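Read through the structure below, which is laid out as structure tokens, and then see the notes.
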Amino acid sequence: MKALPPTLRVNKRYVLCRIVPHGIDAYGKEVYYAVYDAVASLFGDNGAAEIGMSVVHTEGNWAIIRCTRGCEKQLQAAVSTVTAIGDMPCAIRPVLTSGTILTLKEKIRAAGSRAEGEGRENREDSADCAESNLLYAKKDIIIKGIPYRPVRVSREKIDLYKEGIKSQDSLYYTIKDIEELQCNQ
């Protein structure tokens, strides 16, 4: 069977999305189910079929989602309504739309290299306290004898969550606050 000529093929667009908070490693299948649920609840099954979304690539806290050309705005609206991936509360933010996957992968690499540079500067600044490396190892941080899981580590902000059976406790600190707490313990 011959391939269709380019003029008869269905044109696709690719949407680069950032998963917030940082540190959530979501698999493509989990992202697909979360986004598909959002698309189907917002536009119905017929609209979801028209959009034809598919998760093409996930890397760290980035995802590339394919859709039919002309439906990018609908996909972006649906992606913005996602509140959880699997059982992890998070949000998906559309960042950029492109006609090629390569362009979006280059944007991911550029963002990753910028983040690595910032992380390196932060690590050099925090070399005074040996325990501050726990922050970058993504281990639990103990505050007043209670372990908290760092969920978002970006620039100067960090969100800490204590998961319990009956409730979930949230704390919001800056990196300097966490380092002071760890050094004083």
Tell me, yes or no, whether the range 2-12 has at least one residue that is among the basic types (Lys, Arg), more than 30 Å from Lys162 (Cβ to Cβ) and surrounded by 13 or more Cβ atoms within 10 Å (Cβ to Cβ).
-> yes
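Going residue by residue through the range 93-103, is there one that turns out to be hydroxyl-bearing (Ser, Thr, Tyr), in a loop (DSSP other than H, G, I, E, B) and in contact (Cβ under 8 Å) with a residue 60 or more places away in the chain? Break it down stepwise before answering.
As a first pass, look at the range 93-103 and keep what is hydroxyl-bearing (Ser, Thr, Tyr): 97-98, 100, 103.
From the residues that got through so far, the ones that are in a loop (DSSP other than H, G, I, E, B) too are 100.
Then keep just the ones that are in contact (Cβ under 8 Å) with a residue 60 or more places away in the chain; that gives 100.
There is at least one residue in the range 93-103 that is hydroxyl-bearing (Ser, Thr, Tyr), in a loop (DSSP other than H, G, I, E, B) and in contact (Cβ under 8 Å) with a residue 60 or more places away in the chain.
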Residues located in the range 61-80, provided they are under 24 Å from Arg109 (Cβ atoms) and outside any strand (DSSP E or B) | Asn61, Glu72, Leu75, Gln76, Val79
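In the range 43-60, what residues are assigned to a helix (DSSP H, G or I) and either of a type outside the set (A, V, I, L, M, F, W, C) or closer than 27 Å to Arg109 by Cβ (or both)? I'd like the intermediate steps shown before the answer.
Step one: of the range 43-60, the residues assigned to a helix (DSSP H, G or I) are 43-51.
Result: Gly44, Asp45, Asn46, Gly47, Glu50.
Among the residues of the range 72-89, how many are touching a Pro at 6+ places or on another chain (Cβ under 6 Å) and of a type outside the set (Val, Ile, Thr)? Lay out the reasoning, then the answer.
Step one: list which residues in the range 72-89 are touching a Pro at 6+ places or on another chain (Cβ under 6 Å), which gives 76, 79.
Then drop every residue that is not of a type outside the set (Val, Ile, Thr), which leaves 76.
Selection size over the range 72-89: 1.
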Scan (1) part of a helix (DSSP H, G or I); (2) in contact with a strand residue (DSSP E or B) (Cβ under 8 Å, 6 or more places away or on another chain) for the single condition Ala40 breaks and write down its number.
-> (2)
Selection count where residues are out of contact with any helix residue (DSSP H, G or I) (no Cβ under 8 Å at 6 or more places or on another chain) and either crowded, with 18+ Cβ neighbours inside 10 Å or among the hydroxyl-bearing types (Ser, Thr, Tyr) (or both), scope the range 84-101 = 2
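Every read-out reported here was derived from the displayed coordinates using simple, explicitly stated rules and does not represent laboratory data. Owing to the predicted nature of the structure, the values given are computational and were not obtained by experimental measurement. Cβ: placed from backbone, ideal geometry, glycine included. Neighbour counts: every protein chain shown.
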